[in-house]
Amino acid sequence: MKFDYLKQPNFNNPNQPWVSRPFVPVRLFNGGKKIDIYALVDSGADASLFHSSLAKELGIDLVAGRKQTFFGISSGPGIEVYIHPIRLQVVGASETFEIEAGFTESQGVGAILGQSGFFDRYHIKFERDKERIEITPVKGG
């Protein structure tokens with residue numbers, strides 16, 4: 001599956017008003033609830049992280065999850081993350097799969113697909129020059 005990068009406002013450089021990033025459409029499931037979002041594919045992220053508002057939409061009790069502290073996301077002492085199992089589907093793919101995802105109240109996190117759980121299931125090819133990402137399921141994954 002190939003997805004074009006999404007253009008977003010560039011708040012760091014007023015001379016370049018837009019920046020392209022590898023966001024892909026995904027569907028998150030918990031019980032009978034599901035939501036469709038765009039998530040950033042981030043090869044530098046160890047785990048998949050989502051904002052706590054998405055946990056609420058999915059009917060997840062945020063603080064009932066396994067609490068961890070994640071570093072490197074924002075400057076400072078780290079952020080509190082609560083780990084929960086959810087099902088995930090890349091929109092356009094037929095299969096869903098379970099991952100352990102972190103949910104946080106940190107405003108710096110929207111939806112991030114990281115190494116553990118996501119990169120284990122897919123070969124990821126970033127084509128920055130074409131502003132495109134290709135995602136191919138790993139055989140037997």
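Scan the stretch 95-141 for residues that are open to solvent by 10 Å² or more (accessible area, probe 1.4 Å), part of a loop (DSSP other than H, G, I, E, B) and either under 28 Å from S53 (Cα atoms) or touching a helix residue (DSSP H, G or I) at 6+ places or on another chain (Cβ under 7 Å) (or both) and jot them down.
E95, T96, E105, S106, Q107, G108, G110, D120, R121
Only one residue in I83, I135, I60, I79 is modelled with pLDDT of 90 or more and more than 18 Å from F29 (Cβ to Cβ), so which one is that? Can you show your working first?
Working: I83 fails: more than 18 Å from F29 (Cβ to Cβ); I60 fails: more than 18 Å from F29 (Cβ to Cβ); I79 fails: modelled with pLDDT of 90 or more.
After ruling out the rest, the residue left standing is I135.
Condition check ((1) farther than 20 Å from K2 by Cβ; (2) more than 14 Å from the chain's Cα centre (by Cα)) across all residues:
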residue	(1), (2)
V90	no, no
E100	yes, no
T104	yes, no
G110	yes, no
G117	yes, no
H123	no, yes
R128	no, yes
P137	no, yes
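Scan the stretch 86-94 and tell me whether some residue there is hydroxyl-bearing (S, T, Y) and either surrounded by 13 or more Cβ atoms within 10 Å (Cβ to Cβ) or closer than 17 Å to G44 by Cα (or both). Walk me through how you get there before you give the answer.
Taking the stretch 86-94 as the starting set, the residues that turn out to be hydroxyl-bearing (S, T, Y) are 94.
Within this subset, residues satisfying the condition of being either surrounded by 13 or more Cβ atoms within 10 Å (Cβ to Cβ) or closer than 17 Å to G44 by Cα (or both) are none.
No, every residue in the stretch 86-94 fails to be hydroxyl-bearing (S, T, Y) and either surrounded by 13 or more Cβ atoms within 10 Å (Cβ to Cβ) or closer than 17 Å to G44 by Cα (or both).
If you take the residues of the stretch 45-80 that are assigned to a loop (DSSP other than H, G, I, E, B) and in contact (Cβ under 8 Å) with a residue 60 or more places away in the chain, which of them is surrounded by the most Cβ atoms within 10 Å (Cβ to Cβ)?
Keep residues of the stretch 45-80 that are assigned to a loop (DSSP other than H, G, I, E, B), which gives 45-48, 58-61, 65, 71-78.
Filter again for in contact (Cβ under 8 Å) with a residue 60 or more places away in the chain, leaving 45-48.
Values: A45: 21, D46: 14, A47: 20, S48: 26.
Applying the filter and picking the extreme gives S48.
Among the numbered conditions (1) touching an Asp or Glu at 6+ places or on another chain (Cβ under 8 Å); (2) under 29 Å from P137 (Cα atoms); (3) surrounded by fewer than 19 Cβ atoms within 10 Å (Cβ to Cβ), tell me where R21 comes up short.
(1)
Give the residue, chosen from R27, R21, that is free of Cβ contacts under 8 Å to residues at least 24 places away in the same chain and either in contact with a Ser or Thr (Cβ under 9 Å, 6 or more places away or on another chain) or under 15 Å from F126 (Cα atoms) (or both).
Numbers: R27 fails: free of Cβ contacts under 8 Å to residues at least 24 places away in the same chain.
One residue alone meets the criteria, R21.
Within the stretch 31-44, can one find any residue that is within 18 Å of Q115 (Cβ to Cβ) and out of contact with any strand residue (DSSP E or B) (no Cβ under 6 Å at 6 or more places or on another chain)? Working first, answer last.
Here is the first cut: in the stretch 31-44, the residues within 18 Å of Q115 (Cβ to Cβ) are 39-44.
Adding the requirement that they be out of contact with any strand residue (DSSP E or B) (no Cβ under 6 Å at 6 or more places or on another chain) leaves 43-44.
Looking through the stretch 31-44, at least one residue is within 18 Å of Q115 (Cβ to Cβ) and out of contact with any strand residue (DSSP E or B) (no Cβ under 6 Å at 6 or more places or on another chain).
The values are calculated or read from the model by the stated rules, or taken from the named source; none is laboratory data. On a predicted model such as this, the values are computed, not experimentally measured, just so you know. Here Cβ is always computed from backbone atoms with ideal geometry, including for glycine, and neighbour counts include all displayed protein chains. Please note that ligands, DNA and RNA were not included when accessible areas were found on the heavy atoms of the full protein model with its side chains. Shrake-Rupley method; radii C 1.70, N 1.55, O 1.52, S 1.80 Å.
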